[in-house]
1. Within the stretch 1-30, how many residues turn out to be farther than 18 Å from Phe66 by Cβ and touching a residue at least 40 places away in the same chain (Cβ under 8 Å)?
2. Can you tell me which residue within the stretch 33-69, out of those that are open to solvent by 40 Å² or more (accessible area, probe 1.4 Å) and in contact (Cβ under 8 Å) with a residue 40 or more places away in the chain, is farthest from Leu2 (Cα to Cα)?
3. I want to confirm something. Restricting to the stretch 13-27 and keeping residues that are part of a helix (DSSP H, G or I) and among the aromatic types (Phe, Trp, Tyr), which single residue is most open to solvent (accessible area, probe 1.4 Å)?
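The values are calculated or read from the model by the stated rules, or taken from the named source; none is laboratory data. These figures come from a predicted structure and were not determined experimentally. Cβ: placed from backbone, ideal geometry, glycine included. Neighbour counts: every protein chain shown. Accessible surface areas use protein heavy atoms only, side chains included; no ligands, DNA or RNA. Shrake-Rupley method; radii C 1.70, N 1.55, O 1.52, S 1.80 Å.
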Amino acid sequence: MLNALFFPLLFSMSAGTYAYLKFSDRRPRALLILTLFQLLGASAYAQQPDQGLFAMLAVHAILVFFLLLHHLQTPALAAEQRRQR
């Protein structure tokens, strides 16, 4: 299962981080997509447990956690979105 999910998880980490850092208005969508990729990997791990897949999912989860934590600590984006409406 690691062979099937290695490149999609790697792509989601790199593209998700790029979208999160480059486009501040699209951060919630990028975090949602990263979380959905994490759920996809978790369901694959539940079907076929493997140490390599677990390690890849752990790295992915740590990245998602830190990006979500950073997003929750930046209140300026929420105030900026309210002004635009």
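1. Residues meeting the conditions: 6.
2. Leu63
3. Going residue by residue through the stretch 13-27, those that are part of a helix (DSSP H, G or I) are 13-22, 24-27.
Now narrow it down to the ones that are among the aromatic types (Phe, Trp, Tyr): 18, 20.
Details: Tyr18: 134, Tyr20: 3 Å².
The qualifying residue most open to solvent (accessible area, probe 1.4 Å) is Tyr18.
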